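The values are calculated or read from the model by the stated rules, or taken from the named source; none is laboratory data. Keep in mind that this is a model prediction, so the values were computed, not measured. So basically every Cβ, Gly included, is an ideal-geometry build from the backbone, and we count neighbours across all protein chains shown. These area figures cover heavy atoms from the full protein model, side chains too; ligands, DNA and RNA do not enter into them. Shrake-Rupley method; radii C 1.70, N 1.55, O 1.52, S 1.80 Å.
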Amino acid sequence: MRKKIVAGNWKMNCDLSETKNLLEGLTQSLPNLLSAEVIVAPPFTNLQFAFDNLKNRPIHVCSQNINENDSGAFTGEISVAMLKSVGVNYAIVGHSERREIYNETDELLKKKVNQSLKNNITPLFCVGEKLPAREAEKHFDVVKEQIEKATFHLSADEFKNIVIAYEPVWAIGTGKTASPEQAQEMHLYIRELIAKKYNQTTADEVSILYGGSVKPANAKEIFGQPDVDGGLIGGASLNAEDFVAIIKSF
Ligand code: PGA
């Protein structure tokens, strides 16, 4: 059965001492029995520190991005092998900020998905429509295209190893959340899309996370939807108390 997951995307926040404080806060207040897998994605410079400090804790370390190549002349980039060597086993791929600010295309994201699966790193593959598409009722088409173009070349067995995060761009960092009904509707749509392409068993095994202004106050209702398997949390993951409250919402 699919996993429940709560992942914190720290984005470009937290230097080393802030990382230390946030991880301390997290590990101190995290309950022993967790009802969801917990993942944190600090900036690259703090991944090794996070891994070393979370070794005996049930918290996985995730990178916020990966490069699609094995190695070579790619100044400023970080390879999957480097990430693996410091204990990373998840990677956020295709976050809307990467798509938007760094012009990451579906074609590039397909390569990144391949690169992470080839190296046994689970991609948290992000999809989601912008506000004009939602207003024009094109949100299902946008998400369908994003999923088809970057992931539907995979075999069913490969597909089971990815996690999808539905993040409507208009809800990211804006304080606006999709309603639980809007989240459920899209998550069900994605699951049906996977079932149609592969089969129901595969669709039932893939975790689909919701992201976009998830807070302690709304997490329970969103996570309570049948096809929502957890969340990708930005702002609220920078506060240990809030992040733990969200984890406890399951
Ligand atoms: P937010 O970010 O929770 O701050 O809206 C979510 C994300 O970007 O993954």
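In a loop (DSSP other than H, G, I, E, B) and open to solvent by less than 20 Å² (accessible area, probe 1.4 Å): is that true of V244 in this structure?
Answer is no for this residue.
With the checklist (1) open to solvent by 20 Å² or more (accessible area, probe 1.4 Å); (2) within 16 Å of the ligand (Cβ to nearest atom); (3) out of contact with any helix residue (DSSP H, G or I) (no Cβ under 6 Å at 6 or more places or on another chain); (4) not β-branched (V, I, T) in hand, flag the one item W170 doesn't pass.
It fails just one condition, (3).
For region 46-56, indicate whether the set of residues that are within 16 Å of the ligand (Cβ to nearest atom) and touching a residue at least 40 places away in the same chain (Cβ under 8 Å) is non-empty.
no
Read through the list (1) within 16 Å of the ligand (Cβ to nearest atom); (2) in a loop (DSSP other than H, G, I, E, B), then give the number of the only condition that L154 fails.
In the conditions (1) within 16 Å of the ligand (Cβ to nearest atom); (2) in a loop (DSSP other than H, G, I, E, B), L154 misses (1) alone.
Looking at region 68-87, is at least one residue closer than 30 Å to L131 by Cβ, in a loop (DSSP other than H, G, I, E, B) and open to solvent by less than 40 Å² (accessible area, probe 1.4 Å)?
no
Looking at V228 and the list (1) among the β-branched types (V, I, T); (2) within 11 Å of the ligand (Cβ to nearest atom); (3) within 14 Å of the chain's Cα centre (by Cα), which single condition is not satisfied?
(2)
Could you list, in sequence order, all residues of region 184-224 that are part of a helix (DSSP H, G or I), open to solvent by less than 10 Å² (accessible area, probe 1.4 Å) and over 18 Å from K3 (Cα atoms)?
Hit for region 184-224 is M186, nothing else.
Please determine whether any residue of region 27-35 is more than 24 Å from V169 (Cβ to Cβ) and buried (at least 22 other Cβ atoms within 10 Å of the Cβ).
Within region 27-35, not a single residue is more than 24 Å from V169 (Cβ to Cβ) and buried (at least 22 other Cβ atoms within 10 Å of the Cβ).
Filtering region 50-64 down to residues that are surrounded by fewer than 21 Cβ atoms within 10 Å (Cβ to Cβ) and touching a helix residue (DSSP H, G or I) at 6+ places or on another chain (Cβ under 6 Å), which residue is farthest from A165 (Cα to Cα)?
N53
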